[in-house]
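The values are calculated or read from the model by the stated rules, or taken from the named source; none is laboratory data. Source: prediction; values computed, not measured. As a convention, Cβ positions derive from the backbone with ideal geometry for all residues, glycine included, and neighbour counts pool all protein chains shown. These area figures cover heavy atoms from the full protein model, side chains too; ligands, DNA and RNA do not enter into them. Shrake-Rupley method; radii C 1.70, N 1.55, O 1.52, S 1.80 Å.
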Amino acid sequence: MKLVFAGTPEVAVPALDALIASDRHEVAAVVTRPDAPAGRGRRLVASPVAERAEEAGIEVLKPVKPRDEEFLARLREIAPDCCPVVAYGALLPKVALDVPARGWVNLHFSLLPAWRGAAPVQHSLMAGDEVTGASTFLIEEGLDSGPVYGVLTEEIRPTDTSGDLLTRLAFAGAGLLAATMDGIEDGTLHAVPQPHEGVTLAPKITVEDAQIQWTAPALRVDRVVRGCTPAPGAWTLFRGERLKLIQATPVLDRTDLAPGELSAAKNNVYVGTGSHAVELLWVQPQGKKPMRAADWARGVRIAHGELLGL
């Protein structure tokens, strides 16, 4: 098939690579978000998908909105058979959805209908799921509600962050998306409607969502830290400034600390929660680089009974 691939962040690159490598399909063009300011200089930088496409000599389309007439006209000129999508980052209007004969097929990082939305991996981790996966489905106008072509499952490991899990799903999902294109092309794969039961939503995680509530149980604190790493980053307040929590682990045999109460030893830093304590392993003070929590604690000289979160 002639394909136009739509995607933007690094997590979409493995799928693009898989389709470029396929001897059954031609990636005629790539659709991605416009260049965005990045770094301290805030200079405009192309998306990871745009950079990979340019390396491969593939035409790159960067519409401000996918309903822009200039973009739609070019899409009609290319006349793709199908448009595979991975984390494109913009809603596709019906006028765009109608262009490819076999539609737009999205690789979504959850087992649909669970976790429809922008942050399925983060929500799955924060909810304490033991298994997640990826699904390919035909995009329709509803939110991730179209019929499903294929799925794969992935076990969630006890120490997984959303970054860890998303990386594994990106590479496994690349194979799923390529196989889905093959099945659509040869007529052996047919989309099946999603069940009405089991629908959950996964909206974008906000900075407010990532703030640690120390009255919550330790397992909840651990899930929020892992689910929000690397972005947007779990955080709390210490002496009025934001402290990012990069890695923490529950300590089941310590229950003597009040919620948010700090206890620092030579090589360990503990914080009380609504159940047992958690040990802070890596933190990042405001305006500084990540550091071991024990090094941070020595530098700030924690007072007896001092609290996080105030």
Taking every other residue with Cβ under 13 Å from the Cβ of F238 and scoring Lys and Arg +1, Asp and Glu -1, one gets +2
How large is the charge dipole for segment 3-67, taken about the Cα centre, if only the Cβ atoms of Lys, Arg (+1) and Asp, Glu (-1) carry charge, to the nearest 20 debye?
520 debye
The base-10 log of I(q)/I(0) that the Debye equation returns for segment 180-230 at q = 0.21 Å⁻¹, one scatterer per C-alpha, is -0.82
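Please give the direction-averaged projected area of the C-alpha convex hull for segment 157-310, in square nanometres with one decimal. Numbers along the way, then the final one.
Working: hull surface 48.1 nm².
The number I arrive at for segment 157-310 is 12.0 nm².
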Taking the Cα centre of each part, how many Å lie between segment 35-53 and segment 150-164?
28 Å
Out of the DSSP beta bridges found with both residues in segment 1-137, what percent are antiparallel (nearest 5)?
30 percent
FRET efficiency (V60, A101; Cβ distance; R0 25 Å; to 0.05) is 0.65
Testing the spin-label approximation: label points 7 Å from Cα along Cα→Cβ at R292 and T167. State their distance in nm.
2.2 nm
What is the percent carbon and sulfur in the accessible area of segment 247-292, measuring with a 1.4 Å probe over the protein chains and ignoring ligands?
47 percent
Hey, can you rank 121-128, 20-27 by average C-beta count inside 10 Å, highest first?
121-128, 20-27
Sequence gap at least 6, Cα distance under 8 Å: using those rules, report the relative contact order of segment 242-291 to the nearest whole percent.
43 percent
Among G173, T8, C82 the positive-end extreme of the charge dipole of the chain (Cβ point charges)
T8
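Counting only complete DSSP H runs, which helices of the chain cover 18 Å or more along their long axis at the Cα atoms and score a mean Kyte-Doolittle of -1.0 or above?
Working: long enough: 162-186 (35 Å, 0.60).
Sorted by number, the helices that extend far enough and score high enough are 162-186.
How high is the relative contact order of segment 1-133? Use alpha-carbon pairs under 8 Å, at least six apart in sequence, and give a whole percent. Mind dumping the intermediate values first?
Values: 220 pairs, mean separation 33.4, N = 133.
Relative contact order here is 25 percent.
Quick one, what does Rg over Rh come out to for segment 107-166 if you take C-alpha atoms and the Kirkwood Rh?
Numbers: Rg = 11.3 Å, Rh = 11.7 Å.
With Rh from the inverse mean 1/r over Cα pairs, Rg/Rh is 0.97.
Can you tell me the length gained on complete extension of the stretch R67 to E140, counting 0.36 nm per residue apart and subtracting the Cα distance? Walk me through the numbers on the way to the answer.
Numbers: separation 73, 0.36 × 73 = 26.28 nm, distance 1.53 nm.
Between R67 and E140, full extension yields an extra 24.8 nm.
Rounded to the nearest 5, what % of DSSP beta bridges with both residues in the chain are antiparallel? Intermediate results must be reported in sequence, preceding the final value.
On the way: 37 of 54 bridges.
Expressed as a percentage, antiparallel bridges in the chain total about 70.
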7 Å from Cα along Cα→Cβ at both A38 and L252: what's the point-to-point distance in nm?
4.2 nm
Would you mind working out the accessible area per residue for the chain, using a 1.4 Å probe, and quoting it in Å²?
49 Å²
Grab the Cα-Cα distance for K94 and L219, subtract it from 0.36 nm times how many residues apart they are, and report the gain in nm with one decimal.
40.7 nm
Leading residue at positive end of dipole, the chain (Cβ point charges), from A96, L19, V225
V225
Using a 1.4 angstrom probe and counting only protein chains, how large is the accessible area of E241 in Å², to 10?
100 Å²
On the principal axes of its Cα set, how long, how wide and how thick is segment 1-133? Give whole Å, largest value first.
46, 42, 30
How large is the dipole of the chain about the Cα centre if only Lys and Arg carry +1 and Asp and Glu carry -1, each at its Cβ, rounded to the nearest 20 debye?
1380 debye
All other residues with a Cβ under 13 Å from the Cβ of A90 taken together, and with Lys, Arg as +1 and Asp, Glu as -1, what is their net charge?
+3
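Using a probe of 1.4 angstrom, how much of the accessible area of segment 50-175 is carbon and sulfur, in percent?
On the way: 2840 of 5540 Å².
Ligands and nucleic acids excluded, carbon and sulfur reach 51 percent.
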For segment 246-273 and segment 107-134, what is the separation of their C-alpha centers, rounded to whole Å?
29 Å
Quick check for me: using +1 on Lys/Arg Cβ and -1 on Asp/Glu Cβ, what's the dipole size of segment 183-278 about its Cα centre, in debye to the nearest 20?
500 debye
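Determine, from the Cβ-Cβ distance of R239 and E155 and an R0 of 41 Å, the FRET efficiency 1/(1 + (r/R0)^6), rounded to the nearest 0.05. Walk me through the numbers before you get to the answer.
Values: r = 40 Å, r/R0 = 0.97.
Once rounded, the FRET efficiency stands at 0.55.
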Enumerate the amide H contacts of L237 below 5 Å, restricted to partners 5 or more residues apart or on another chain; note that Pro and chain-start residues carry no placed amide H.
L243, G309, L310
Which whole-number percent gives the relative contact order of segment 137-248, counting Cα pairs below 8 Å spaced six or more residues apart?
24 percent
Of K94/K204; K62/K94; K266/K289; K244/K266; K62/K204; K65/K244, which pairs sit farther than 26 Å apart, going by alpha carbon to alpha carbon?
K65/K244
In segment 180-310, taking the dipole from +1 charges on Lys and Arg beta carbons and -1 charges on Asp and Glu beta carbons about the Cα centre, the listed residue (A248, H304, N268) farthest towards the positive end is H304
